[in-house]
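J.: Before we start, here is the structure in question, set down as structure tokens.
No lab work stands behind these numbers, since they all come straight from the coordinates. Just so it is clear, the model here is predicted, and its values are computed rather than measured. So basically every Cβ, Gly included, is an ideal-geometry build from the backbone, and we count neighbours across all protein chains shown.
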Amino acid sequence: MARKPSTNPKKTSAASDMVTIHDQQLHRGEGGELHQFAEDGHDTLTTAQGAPLADDQNTLRVGARGPALIDDFHFREKIFHFDHERIPERVVHARGYGAHGFFETYEPLSDITRADIFQRAGEKTPVFVRFSTVAGNKGSFDLARDVRGFAVKLYTKEGNWDLVGNNIPVFFIQDPIKFPDVVHAAKQEPDRAFPQAQTAHDTFWDFISLTPESMHMVMWIMSDRTIPRSFRFMEGFGVHTFRFVNADDKSTFVKFHWKPKLGLQSVAWNEAVKINGADPDYHRRDLWQSIQSGNFPEWELCVQLFDQDFADNFDFDILDPTKIIPEEILPVRPIGRLVLDRMPDNFFAETEQVAFMTQNVPPGIDFSNDPLLQGRNFSYLDTQLKRLGGPNFTHLPINAPKCPFHNFQQDGHMAMRNPVGRVNYQPNSFGEGPRESPTRGFRHFPSDEQGPKVRLRPESFADHYSQARQFYISQTPPEQRHIAMALTFELSKVETLVIRERMISHLLNIDETLATTVAQKLGLQSMPAPADAAMPTRQDLEPSPALSIVERGPKRFEGRKLGILVTDGVDAKLLKVLTAAIEKEKAVVELIAPKVGGIVASDGKRIVAHHMIDGGPSVLFDAVALLTSPEGIEDLVNEAAARDFVADAFQHCKFIGYDRSAAPLLAKAGVADALDEGTIALPGEEGIAAFVAELGKLRVWAREPSIKLGKA
Ligand code: HDE
């Protein structure tokens, strides 16, 4: 029988390489001595030991109705392997989703870093990125209100560089010794094991309200940053100050930022709650669909570069991970771009087993004394050892460098790379094996360090409120409303009154109006005194517009999704013109119909739908259109899901385009009397052009005050 081609034609990824090797072994012996293929031409099913199997449907028993036999090595091996399929999930960032891509360097940066990745313009470096939520377990939903991890592994020619960041540029704590505490407090409470994947509970707000250094982060997590519309529309941050070091061992401080090419976008909280029910894998599906359809997400890597002089004169300590350097004070400089263009072949092998470690830096990149970064450099290796089960996790294709590497590490569980020969040490007299290179090798920046051994927080870390206020006043009015609503929601789930009050006492140090609004909405009987502050005076910093999502939103609808609700009799031409206009914007159209089998349009042709109405609620789309017909609308107005489709789109401030025949549905949804500049009649191509032009704004924020949410 002829050799069957490999089922995986791609040979580019590390995981695919594994499959190839496996295939070769399987086919070894082809030529008569082994029957490798079953009668139907498929590979023959074998045990892990390679024994061909005749029956994989029934266990071995005594008679058809008798007891099972221990002879059944096939069953025992199969069930044993299944029983051991799980590895421990990550203690934080358990739920994640990854993709492969490349990083392209814009220009040589040899004056500031000797990192090989930044030496040649146009150079492409392979990368793997894993996005994640923090608090929920592996099976939790995507739109939890939570920080998102943004971890990037760059397989450079001088070793892997892991930039393990978040979508928020600051953190809760200043010292790594508090990390277990903040994580314990945020995750499910230990006695009852709930709530899952959310911070709206007593223990989280108890810890936070007792930890004033977290107040800046609290403003960020209560903003819409924690409910991103897509991984593709969020920023990433290295958080800490790092160092670039050039060939002369000169150091420049650097902060890393990833800026999404398609602009920032988040969803509304009410939307997030509904998306989690309608599609718990919303972010996964979004990344999968965009990459599989060739719309590759892209970010620019930008840096803020500064020297010791800047650090000495800046208002805050550049080692404090609860502070940012506003872009208006120190502009960001784009130095390259990241493109994600390939999904993993196997989720477990790649996304689950990828091991990010902050200590993975190539020559030319180094650490600062940010205490949190130093604590992380210890933690990540330790956690991988536990999670992946032994020291050889670097042998896994997703973790192995893609440059040559040589050392004398050997043995251990599951060792896949086994050195040959006699000499496994150095120096040796046999002239064998790799040697260190003082010129090429990693040299730690020789910073001058001295001082007494102490457990002490620097005084320069003591201002916990100035930047929290700066973040708040940099937001647009709708974003400020959302922060107030988020705080109110979260604190309303806190049962212990004193914790609610303590949080209000901190808010008073950030913004009095915010504190009063939240207190009123919670129904607090009296205002507490402002919290005692380590630094008695808060600085009134200038607003930084770069901190607002709305200010950093897209100008176009590109990369977004329009949901069109259609019925029988829909104007075929209108549908065609609208679809073409959206696709021209490089956006996606999905059709929602009373039945997923589709509808018959005005030209008598059947058009298949992507969703039935229940399965395609408007929360899944960035904007909606109602293309109905006088006969089609009659059934729709009586469907609760159709009314919700419209009412939700309206209350989530989305643009709604509609054919005039949809008027009864607008009326039933309770929005007919509130039509505004975001509800656009679509007759004719002109109406469509006007609608599509508006879509780039994404939301009709002017509508928000008129809906209930706006009374914040
Ligand atoms: Fe992490 N963090 N972290 N973290 N972190 C982990 O490592 C830790 C921190 C971040 O997709 C763990 O492999 C300590 C800041 C991301 O696989 C663990 C401290 C930032 C991911 C760990 C921090 C992050 C992790 C758990 C305080 C943003 C997911 C599983 C000193 C800059 C990476 C693992 C992935 C994962 C420790 C704080 C980002 C336990 C001790 C600040 C994106 O090692």
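J.: Assign unit charges at the C-beta atoms only (+1 for Lys and Arg, -1 for Asp and Glu), then state the dipole size of the chain relative to its Cα centre in Debye, rounded to the nearest 20.
T.: Computed charge dipole of the chain: roughly 660 debye.
J.: Can I ask one more? Under the 0.36 nm per residue contour assumption, what length would be gained going from the current alpha-carbon distance of GLU449 and GLU639 to full extension?
T.: Net length gain for the segment: 61.4 nm.
J.: Taking the Cβ-Cβ separation of GLN57 and VAL91 as r and a Förster radius of 51 Å, what is the calculated FRET efficiency to the nearest 0.05?
T.: Here the calculated transfer efficiency is 0.80.
J.: While we're here: Starting from the range 480-537, pick out the GluC sites (Glu not before Pro) whose DSSP state is loop and whose Cβ has at most 12 other Cβ atoms within 10 Å.
T.: Loop-located and lightly packed - GLU495.
J.: Between PHE73 and SER437, what is the spin-label point distance in nm, taking each point 7 Å from the Cα along the Cα→C-beta axis?
T.: The two pseudo-label positions are separated by 4.9 nm.
J.: For the range 593-663, with the dipole built from +1 on Lys and Arg beta-carbon atoms and -1 on Asp and Glu ones, taken about the Cα centre, which of VAL646, ILE633, GLY604 lies farthest toward the positive end?
T.: Working it through, the farthest residue towards the positive pole turns out to be GLY604.
J.: Right, here's the next one. Tell me what the chain gives for mean residue ellipticity at 222 nm when only DSSP H runs of n ≥ 4 count, each as -39,500 (n - 2.57), the sum divided by the residue total, rounded to 500 deg cm²/dmol.
T.: -8000 deg cm²/dmol
J.: Mind sorting TRP220, TRP269, TRP299 by how few other Cβ atoms lie within 10 Å of their own Cβ, fewest first?
T.: Ordered from fewest to most neighbouring Cβ atoms within 10 Å, TRP220, TRP269, TRP299 come out as TRP269, TRP220, TRP299.
J.: Would you list, by chain and number, the aspartates and glutamates whose Cα falls below 15 Å from the Cα of LYS255, excluding same-chain residues fewer than 8 positions away?
T.: Correct list for LYS255: ASP162, GLU235, GLU300, ASP307, ASP317, ASP320, GLU327, GLU328, ASP366, ASP370.
J.: Right, here's the next one. Tell me, ARG560, ARG333 in order of fewest to most beta-carbon neighbours within 10 Å?
T.: Exposure proxy ranking, most exposed first: ARG333, ARG560.
J.: Let me ask another. What translational D, rounded to a whole number of µm²/s, comes out for the range 608-671 from Stokes-Einstein when the hydrodynamic radius is the Kirkwood one over Cα pairs, at 37 °C and 0.692 mPa s?
T.: In µm²/s, the coefficient rounds to 282.
J.: Of all DSSP beta bridges in the range 561-711, what percent run antiparallel (nearest 5)?
T.: 15
J.: Given LYS124/LYS259; LYS274/LYS561; LYS584/LYS668; LYS561/LYS595, which pairs have Cα atoms separated by over 24 Å?
T.: Violating the 24 Å Cα-Cα cut-off are LYS584/LYS668.
J.: Taking the Cβ-Cβ separation of LYS386 and PHE80 as r and a Förster radius of 22 Å, what is the calculated FRET efficiency to the nearest 0.05?
T.: Approximately 0.50, to the nearest 0.05.
J.: Go through ALA64, SER548, VAL354 and say which Cα lies farthest out towards the positive end of the charge dipole of the chain; charges sit on Cβ, +1 for Lys and Arg, -1 for Asp and Glu.
T.: Farthest towards the positive end: ALA64.
J.: Test of understanding: what is the full-extension gain from ASP312 to GLN196, defined as 0.36 nm times their sequence separation minus their Cα-Cα distance?
T.: Contour length minus Cα-Cα distance gives 37.5 nm.
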